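Here is the structure we will look at, set down as structure tokens.
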Amino acid sequence: MLKVGINGFGTIGKRVADAVAIQDDMKVTGIVKTRPDYMAFIASRKYKIYVPDSKSKKLFDEAGLKVEGYLDDLIEESEIIVDATPDDVGKENKPKYEAHKIKAIFQGGEDHELTNLSFNAYANYDEARGKDFVRVVSCNTTGLIRTLYPLTQLDNFKVRANLVRRATDPNDHKKGPINSIEPDLKIPSHHGPDVASVMKGLDIQTMAVKVPTTLMHVHFVNVTFKGEVSRERIIDEWQKYKRIVFVSGKDDVKSTGQLMEIARESGRGRSDLYEIVVWKEAVSVKGNELFYYQGIHQESDVVPENIDAIRSMFELKDKEGSIIKTDKSLKIGELAYGR
Ligand code: NAD
């Protein structure tokens, strides 16, 4: 059982912890929390709690919540740390991991340059083999790579994609916008270069707007192939990948609200939807151009990628073996509805 410590127990960290806990080849050594809030009380029923510093320790002592030790102690107890702290905090933590000579995985809020290896299981599983530091790309980038990577089996192509981004996660009461649409004024948005950090050499440009919703992101994607392609061939290719699922507006699945309902009806913990959702009837081909919409559950699509990255870094399984194992454990491809 590989010993995995989780530093940062928010949207991503708590999900990765629970996913690690149900694997039969790894276990959670503990989690790091900064504050004794309700989530710390929930975590304490499942995991050993560690804190980053004495300031946090004092807060936990005052709240009467047991602390096992400091981050350094968790590192000593672990063989790898999954760092799921907020954007740019991972960068501050890296020297600590280096000093302890422990492997670490960072998340998409860190820059590619922190590890020089950005990861997606379908696209570059083998590149993480034996590596000490890997970054799992963000939710949007994971979503784009999931549906673009299979297309590399068909022909060369370029991509122009527009991203409609959720404002923040459902539990967050501080961020917005709550009554505006906020364009990302940097073009391309960071997502395009991020996809190209994994799918090297891909010509991809992205634009993004934030909208007042917390449920999911939606992408409009336009792919221009070198030659003509058929819609059937594209759908056949996507159907080979369990982390992509089709839905149809004809069955009244017309919004992200209904996608979340499908996840709830599927008995998914936290109504997580690890799969990238493509609206089947909207997949359109005009000559050598493909157009499609996809939905991304930002809170969960990177979770299987973290599990596969761990296996690749320790060479526990080959690409196919790890993906099959992860998918089975998380019941990926077993939604109550999908076409
Ligand atoms: P979050 O704010 O929900 O969780 C981060 C947690 O880390 C919080 O509980 C916070 O209190 C804690 N924390 C803060 N400083 C810490 C420290 N020094 N040591 C330990 N814990 C600390 O953030 P998140 O959404 O889970 O994001 C984590 C990472 O995952 C970021 O890089 C983010 O960009 C990336 N990511 C987020 C999403 C998403 O949609 N939420 C999707 C994919 C990737």
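The values are calculated or read from the model by the stated rules, or taken from the named source; none is laboratory data. Quick caveat, the model's predicted, so the values are computed rather than measured. We place every Cβ from the backbone using ideal geometry, glycine too, and count neighbours over all the protein chains shown. Heavy atoms of the whole protein, side chains included, go into the accessibility calculation; ligands, DNA and RNA do not. Shrake-Rupley method; radii C 1.70, N 1.55, O 1.52, S 1.80 Å.
Whenever you get a sec, compute what percent of the accessible area on the chain sits on carbon and sulfur atoms (1.4 Å probe). Summing carbon and sulfur atoms, their accessible area is 49 percent of the total for the chain. Between L316 and K46, the simple spin-label model (points 7 angstrom out along Cα→Cβ) gives 1.7 nm. A cut-off of 5 Å between modelled amide H atoms, ignoring neighbours fewer than 5 places along the same chain, links M199 with no other residue.
How much of the DSSP beta bridge set in the chain is antiparallel, as a percent to the nearest 5? In the chain, DSSP labels about 40 percent of beta bridges as antiparallel. Considering only G108, S56, G8, and ranking their Cα positions along the charge dipole of segment 1-111 that arises from unit charges at the beta-carbon of Lys, Arg, Asp and Glu, the one farthest toward the positive end is S56. For segment 77-174, the gyration tensor built on C-alpha atoms gives an oblate shape. Its axis ratio a/c (a ≥ b ≥ c) is at least 1.5, and a/b is not larger than b/c.
Could you rank the peptides 314-327, 294-307 by their average count of other C-beta atoms within 10 Å per residue, with the highest value first?
In descending order of packing, they fall as 294-307, 314-327.
Give the cross-link partners of K328 among the lysines, using a straight C-alpha distance below 20 Å as the criterion and excluding same-chain residues fewer than 8 apart. K328 reaches K14, K27, K240, K242, K317, K319. Between the helical axis of 139-148 and the dominant principal axis of the chain, each derived from Cα atoms, what acute angle in degrees is found, rounded to the nearest 10? Around 40 degrees separate the two axes.
If you take all other residues with their beta carbon under 14 Å from the beta carbon of L2, and give Lys and Arg +1 and Asp and Glu -1, the sum is 0.
If a spin label sat at a point 7 angstrom from the Cα of I235 along the line to its beta carbon, the backbone N atoms of segment 312-339 nearer than 18 Å would be those of 337-339. S180 sits among other residues whose Cβ lies under 15 Å from its own Cβ, and their net charge, with Lys and Arg +1 and Asp and Glu -1, is +2. Determine the sum of side-chain charges near R231: Lys and Arg each +1, Asp and Glu each -1, restricted to other residues whose C-beta is under 13 angstrom from that of R231. Spelling it out: positives minus negatives among the neighbours equals -3. Heavy-atom accessible surface of segment 213-281, averaged per residue, reaches 45 Å², computed with a 1.4 Å probe.
I'd like to check one number: the per residue accessible area of segment 100-202, probe 1.4 Å, reported in Å² as a whole number.
Values: 4520 Å² over 103 residues.
Per-residue accessible area for segment 100-202 comes out at 44 Å².
Placing +1 on each Lys and Arg Cβ and -1 on each Asp and Glu Cβ, with no other charges, gives the chain a dipole about its Cα centre of roughly 440 debye. Could you tell me which residue out of N162, I178, F119 lies farthest along the dipole of segment 103-254 toward its positive end? Charges go on the beta carbon: Lys and Arg +1, Asp and Glu -1, centred on the Cα centre. Going by the Cα projections, it comes out as I178. Using the Cα gyration tensor of segment 17-95, with a ≥ b ≥ c the square roots of its eigenvalues, what is the shape: rounded (a/c below 1.5), prolate (a/b larger than b/c) or oblate (neither)? Since a/c reaches 1.5 but b/c is at least a/b, the shape of segment 17-95 is classed as oblate.
Computed on the chain, with alpha-carbon pairs under 8 angstrom and 6+ residues apart, the relative contact order is 17 percent. Divide by every residue of the chain the summed helix terms, -39500 (n - 2.57) for each DSSP H run of at least 4, and state the resulting mean residue ellipticity at 222 nm, rounded to the nearest 500 deg cm²/dmol. Computed ellipticity for the chain at 222 nm equals -9000 deg cm²/dmol. By definition, a body whose alpha carbon gyration tensor gives a ≥ b ≥ c is prolate when a/c is 1.5 or more and a/b is larger than b/c, and the chain fits this prolate description. Only the Cβ atoms of Lys and Arg (+1) and of Asp and Glu (-1) were treated as charged; on that basis the dipole of segment 71-143 about its Cα centre amounts to roughly 260 debye. The order of the peptides 49-61, 207-219 by mean Cβ neighbours within 10 Å, most packed first, is 207-219, 49-61.
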